[in-house]
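Notes follow once the structure below has been shown.
The values are calculated or read from the model by the stated rules, or taken from the named source; none is laboratory data. Because the structure is predicted, anything quoted here is derived from the model rather than measured. We work out accessible area using only protein heavy atoms, side chains counted, and drop any ligands, DNA or RNA first. Shrake-Rupley method; radii C 1.70, N 1.55, O 1.52, S 1.80 Å.
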Amino acid sequence: MAMVSKAAIGIAAGICGTLFIGYCIYFDRKRRSDPNFKKKLRERRRARRAATKSTAGTKLPDLKDHEAVQKFFLQEVQLGEELLAQGDLEGGVEHLGNAVAVCGQPNQLLQVLQQTLPPQVFHLLLQRLPAVGQRIVAQNAASVSVMSEEDVE
């Protein structure tokens with residue numbers, strides 16, 4: 001066996017690195033010269049902003065006020081269904097997760113949703129539930145601390 005020198009390995013690595021960088025530059029230019037690139041990029045950014053606004057704008061009701069919780073539940077279910085019908089899976093699942101979180105009987109609601117939603121959407125909903133639950137706990141803890149501060153004054 002002939003031993004390959006370190007210089008030959010270094011030269012081969014340099015050539016491979018140069019080819020890889022050239023490959024990246026070529027396809028980046030090809031992607032950017034695509035007439036639909038900017039349009040698609042703007043659409044993705046709008047969708048991301050809209051999803052951020054819809055999830056950040058959801059303020060959970062006071063869980064002690066039964067009417068407010070019921071109104072919130074119905075609003076979230078309706079909004080979730082509308083977003084799913086429009087094809088916005090992320091937003092729809094987020095709102096349905098909010099509805100499940102404030103529901104008095106979440107197991108029954110989950111059974112209904114399992115029968116009505118496509119399996120991949122239902123699986124996404126199940127993945128989101130722990131995060132929604134943590135957000136509700138955090139918001140309730142914040143509202144309890146605000147109430148206790150008001151009681152002290």
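Things worth noting here:
- Backbone geometry of the stretch 107-117 corresponds, through the Karplus equation with coefficients 6.51, -1.76 and 1.60 at θ = phi - 60°, to 3J(HN,Hα) couplings of 5, 5, 4, 5, 5, 5, 5, 5, 7, 9, 8 Hz, x marking Gly and Pro.
- With all protein chains in place and a 1.4 Å probe, the accessible surface of the stretch 5-132 carries 58 percent carbon and sulfur.
- For the stretch 54-105, the equivalent ellipsoid built from the Cα gyration tensor has semi-axes of 20, 10, 8 Å, listed from largest to smallest.
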